[in-house]
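A short worksheet on the structure shown next.
The values are calculated or read from the model by the stated rules, or taken from the named source; none is laboratory data. It should be emphasised that the depicted structure is a prediction, and the values quoted were computed from it without experimental measurement. For neighbour counting, all protein chains shown are included, and Cβ atoms are generated from backbone atoms with ideal geometry for every residue, glycine included. Protein only, heavy atoms only, side chains kept; ligands, DNA and RNA dropped before computing areas. Shrake-Rupley method; radii C 1.70, N 1.55, O 1.52, S 1.80 Å.
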2 protein chains.
Amino acid sequence: MLEKVDLTKKMSKEEYREKMPQLEAKLGFLQRRCKELKIPVLIVFEGFGASGKGLQIGRLIQSMDPRGFQVYPIKNETDEERMHPFMWRFWTKTPERGRFSIFDGSWYRKVLIDRFEMRTREKELPAVFHSINSFEEQLADDGNVIIKLFLDIDKKEQKKRFDKLRKNKESEWRVSQGDLERNARYDEYASMMEDMLFKTDSDYAPWTIIEATDRRFATVKIYTTVIKALADRIEAIQEEMGTKNGMKPAEMEDTRAADLAREADREMRSLQVSILSKADLSLKYTREEYKLKLDKLQKKLEKLHGELYRRRIPVVLGFEGWDAGGKGGAIKRLTARMDSRGYAVNPTASPNDIEKAHHYLWRFWRAMPKDGHVAIFDRTWYGRVMVERIEGFCTKEEWQRAYKEINDMEKDLHDAGAIVIKFWMHIDKDEQERRFKERQENPEKQWKITDEDWRNREKWDQYEDAVNEMLLRTSTDYAPWVVVEGNDKYYARVKVLRTVVEAIEKRIGEMK
Amino acid sequence: MLEKVDLTKKMSKEEYREKMPQLEAKLGFLQRRCKELKIPVLIVFEGFGASGKGLQIGRLIQSMDPRGFQVYPIKNETDEERMHPFMWRFWTKTPERGRFSIFDGSWYRKVLIDRFEMRTREKELPAVFHSINSFEEQLADDGNVIIKLFLDIDKKEQKKRFDKLRKNKESEWRVSQGDLERNARYDEYASMMEDMLFKTDSDYAPWTIIEATDRRFATVKIYTTVIKALADRIEAIQEEMGTKNGMKPAEMEDTRAADLAREADREMRSLQVSILSKADLSLKYTREEYKLKLDKLQKKLEKLHGELYRRRIPVVLGFEGWDAGGKGGAIKRLTARMDSRGYAVNPTASPNDIEKAHHYLWRFWRAMPKDGHVAIFDRTWYGRVMVERIEGFCTKEEWQRAYKEINDMEKDLHDAGAIVIKFWMHIDKDEQERRFKERQENPEKQWKITDEDWRNREKWDQYEDAVNEMLLRTSTDYAPWVVVEGNDKYYARVKVLRTVVEAIEKRIGEMK
């Protein structure tokens, strides 16, 4: 989940000052409603050292009624705590209905710092994760709203903050030896965090990543996340109460929570990092560069393909992208010199009747490659969270849970030894128009363009939101998304080939 | 889950012949309804070798339309299968909507036989369990009914069956070296099965244990389990369709599924093993025996209590039982010589307002002992699945998920090193009446008896069903239930003391 997080996000002082008063008023209102409706709330702050957890908690509670919450700083266990099961100290701190428990650090300590420092042994981990998930599920089933915030900063930023703290006599003590150690071995610690996020991100207690390089941006995102979670719950409860009394939602007296939920939804989207907008579409190669690089990479891949076969490594390559984004062309160059007995290209059309009569992943499972083979998918299982989502071919619940389902499937492939890479072939709207027109005008390419392509184009913004969310939520270290800057076809094709070649070389290198 | 299974269950030929024609007709009908409603169904047969999986599958499909199902025998992986992720061969065998996939052996092979034979390494297990649960959850979310049957026989019965097969030239081949090995190390294999059941028993794909010593009993229970699961789902779907069309359940044309669901529910209950009815309530000690044993055990416990403290072992003892079953008296004898600084008796009354404002387990978590201490609960968290269930103090959903919640809590205690034992103080109805009357007549004991006790007594049968289900579903190797034969108070008190003493001695023995 940390794979595609954009830590350069910033917010200006002006924007911040404009937004905050409203957010604070909303949170105050929602806290009062939670009290009235007796909703218990847990807010968990986790993340890297010096990411600003304490500061952000201080900022959050400023707009809350102090009689309604308690902040629990979670440090090393006391003697008393050590003498109990590790969840004991958290169970005893769960909030009364209508109150908030805010955790500065939490039960996740056991699978983060304690794991890093080997106080939690690897063989204990499965039971610990089971306990954590069971704890959260039980509280959620009992009506608790559980909001988990993960404050993310990168290694450099963390180092900078530690250095600053250490320069000052008064703040020096705040940086421990452990902090420095975790900074030095940042990647190792980050991979424990990834593991934790993968194993504990659930419908009933989802994680939200907070880009915490910029304090103001983080504050606004935290407020918005909390407001959205509370407003959603309150709306759901009010709706249920309304249904019981035979009222339609519109007839209900208090629609403020519903309004807040919608506003927060919009706000969250505007805070959403647009990964696509970061792509540099001016990247290009001359024809000569292209020829040279292409030739070299194709020859390399030809050899590596044989190597894959001998070493029995399966490869799964998924291609998605804008219509006319260059998927077909890239796949053609990729497979040009590969032995046709060792790969298969699976074009993904609308599901047929038999496919529709199964789980949507079934047809993709069937096409997964055996060891030593390469399966290339021209459009993929990600249709679920793009076209099916946008066209309403599946319910909101269905596409929302698909992120986890897809992550789980790709994890199974990875665990079975597969190299898994997903490409997003990216072009801008103008380039698409140019290509559409070119296709229409060229009799040999006319078959490639349909009315549907033009209709999809009208929904560009909706697709862009969906794609960004998809990239954020399903790019993992074991199955990363690669955004391919595709306005220049030469550049795109070379990047695809190079990515595949490098991934295979890396894997083979690890096996030696 | 296997802890309290009664493998002596039998069914007479007459009863079997009377029941089967109806069950077969019901299954046939439900299969047709599943087809009409396009419900996909998975039925999994797992269990010990020679428990009769193949035979029972044959019996089950006799009443099914062969065009609507497929049976998949799951053996060692083929070369093709071995070259794919391990879930691949199961994904590709998932049923089309309206059809049945029946698995003779299944994905559980990976955490049973393959684990036993060390083809699955211990460090792979967490990921494998994650894959299994994800697979089942995804299919359930997609509308599949998942029925998992675990056929249970004991070591002796298995040996007998293997011997019989091996005597005959024609069936000799059916007993493999692996089978014999698993029989020889039956307990070890059974504990892997327990682990598997604990980790994969879920709302969306629950396990049903089939007592398989007697073939006829097993067949009837399997039919009933399948019928119940299908009828429940069909009823739910019809109800939803009815609600959409604005009909009340009673107005719906087809109430047959609802009827079948209710009948199957009753049938399941009658097949339910009554653990309580097996208790031998004639067990007793003379006053002299009692005095002698009590004195000896109390002295032992006094010493062991100090040992617990030195070794920092926490102990959790839960007492439940019929009103006037002798809980108080047993606890008094138990603690008679224990150092009062090292134990606490927690009487559990109705929850107060603050307790009600938390998760029902919260107040018990708070009272859990620290290392080296003993916590005794006079009535426990099991109120959830007894009085709260029967009096309607919580919803059906709430008490149904409580079994897992409680198992998880006790697992946390166990993982933290605690000895956990639960006692059911058992008396029969006549003995209860005798004790109630005695209390009423004795001025010093009158306070102990209230109108509520008499009211509860009227619900004896309901309680007995609830207690049996509780004992079956929450007696685990890490936190067993002990049924204490309590008509004779002397016997009961000694048995409680002896159980505690032995459990502590065993634990200390393991530490040496």
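Before moving on, here are some points about what is shown:
- Any chance residue A:205 is within 30 Å of residue A:98 (Cα to Cα) and either assigned to a loop (DSSP other than H, G, I, E, B) or of a type in the set (A, V, I, L, M, F, W, C) (or both): yes
- Hey, residue B:103 under 24 Å from the mean Cα position of the chain (by Cα), more than 14 Å from chain A (Cβ to nearest Cβ), closer than 21 Å to residue B:476 by Cα and open to solvent by less than 10 Å² (accessible area, probe 1.4 Å) or not: no
- When region B:94-136 is filtered for residues that are part of a helix (DSSP H, G or I), of a type in the set (Ser, Thr, Tyr) and closer than 27 Å to residue B:54 by Cβ, the ones remaining, listed by number, are B:108, B:131.
- Each residue in region B:146-181 was checked for being not in a helix (DSSP H, G or I) and not aliphatic (A, V, I, L, M), and 9 pass.
- Checked against (1) within 10 Å of chain B (Cβ to nearest Cβ); (2) within 30 Å of residue A:207 (Cβ to Cβ), residue A:385 passes all but condition (1).
- For region B:188-196, the count of residues that are open to solvent by 50 Å² or more (accessible area, probe 1.4 Å) and either away from every other protein chain (no Cβ under 14 Å) or aromatic (Phe, Trp, Tyr) (or both) is nonzero.
- Note on region B:399-416: residues that are within 8 Å of chain A (Cβ to nearest Cβ), open to solvent by less than 50 Å² (accessible area, probe 1.4 Å) and either without any contact (Cβ under 8 Å) to a residue 24 or more places away in the chain or over 18 Å from the mean Cα position of the chain (by Cα) (or both) amount to 4.
Quick grid of which residues meet (1) modelled with pLDDT of 95 or more; (2) more than 14 Å from chain A (Cβ to nearest Cβ); (3) crowded, with 20+ Cβ neighbours inside 10 Å:
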residue: B:307; (1), (2), (3): yes, yes, no
residue: B:320; (1), (2), (3): yes, yes, yes
residue: B:326; (1), (2), (3): yes, yes, yes
residue: B:329; (1), (2), (3): yes, yes, no
residue: B:348; (1), (2), (3): no, yes, no
residue: B:354; (1), (2), (3): no, no, no
residue: B:365; (1), (2), (3): yes, no, yes
residue: B:377; (1), (2), (3): yes, yes, yes
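- Qualifying residue in region B:30-51 (condition: in a helix (DSSP H, G or I), within 26 Å of residue B:217 (Cβ to Cβ) and out of contact with any helix residue (DSSP H, G or I) (no Cβ under 9 Å at 6 or more places or on another chain)): no
- Candidates A:51, A:12, filtered to the one that is hydroxyl-bearing (Ser, Thr, Tyr) and closer than 16 Å to residue A:210 by Cβ: A:51
- Criterion applied to B:123, B:110 was being among the basic types (Lys, Arg) and modelled with pLDDT under 95, and the one residue passing it is B:123.
- As a summary of the residue check, residue B:77 satisfies the conditions (1) charged (D, E, K, R); (2) closer than 27 Å to residue B:165 by Cβ; (3) open to solvent by 40 Å² or more (accessible area, probe 1.4 Å); (4) touching an Asp or Glu at 6+ places or on another chain (Cβ under 9 Å) except for the one numbered (4).
- Among the candidates A:308, A:317, A:292, the residue that is touching a helix residue (DSSP H, G or I) at 6+ places or on another chain (Cβ under 9 Å) and not in a strand (DSSP E or B) is uniquely A:308.
- The condition of being in a helix (DSSP H, G or I), of a type in the set (S, T, N, Q) and modelled with pLDDT under 95 holds for only one of A:298, A:238, that being A:238.
- Conditions (1) at negative phi; (2) of a type outside the set (A, V, I, L, M); (3) touching a helix residue (DSSP H, G or I) at 6+ places or on another chain (Cβ under 6 Å): number failed by residue B:98: (1)
- Each residue in region A:139-163 was checked for being open to solvent by less than 10 Å² (accessible area, probe 1.4 Å) and within 9 Å of another protein chain (Cβ to nearest Cβ), and 2 of them qualify.
- Residue A:168 vs. criteria within 12 Å of another protein chain (Cβ to nearest Cβ) and either open to solvent by 10 Å² or more (accessible area, probe 1.4 Å) or of a type outside the set (Val, Ile, Thr) (or both): no
- Listed by first and then second residue, the pairs linking a residue in region A:1-25 that is more than 26 Å from residue A:259 (Cα to Cα) to a residue that is open to solvent by 60 Å² or more (accessible area, probe 1.4 Å), with Cβ atoms under 6 Å apart and 6 or more places separating them unless they lie on different chains, are A:7/A:154.
- Residue in region A:106-121 that is under 19 Å from residue A:145 (Cα atoms) and open to solvent by 10 Å² or more (accessible area, probe 1.4 Å) present: no
Conditions (1) away from chain B (no Cβ under 14 Å); (2) out of contact with any Pro (no Cβ under 8 Å at 6 or more places or on another chain); (3) surrounded by 20 or more Cβ atoms within 10 Å (Cβ to Cβ); (4) within 20 Å of residue A:319 (Cα to Cα), marked per residue:
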{"residue": "A:373", "(1), (2), (3), (4)": "no, no, yes, yes"}
{"residue": "A:396", "(1), (2), (3), (4)": "no, yes, no, no"}
{"residue": "A:449", "(1), (2), (3), (4)": "yes, yes, no, yes"}
{"residue": "A:452", "(1), (2), (3), (4)": "yes, yes, no, yes"}
{"residue": "A:458", "(1), (2), (3), (4)": "yes, yes, no, no"}
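- Candidates A:429, A:422: the one that is surrounded by fewer than 19 Cβ atoms within 10 Å (Cβ to Cβ) and of a type in the set (D, E, K, R) is A:429.
- The residues listed here are B:89, B:67; of these, the one that is more than 14 Å from chain A (Cβ to nearest Cβ), open to solvent by 10 Å² or more (accessible area, probe 1.4 Å) and either in contact (Cβ under 8 Å) with a residue 12 or more places away in the chain or charged (D, E, K, R) (or both) is B:67.
- Answer residue from region B:53-64, given it is open to solvent by 20 Å² or more (accessible area, probe 1.4 Å) and over 24 Å from residue B:128 (Cβ atoms) and is farthest from the other protein chains (Cβ to nearest Cβ) among those: B:55
- Residue identified as under 23 Å from the mean Cα position of the chain (by Cα) and free of Cβ contacts under 8 Å to residues at least 24 places away in the same chain among A:156, A:160, A:164: A:156
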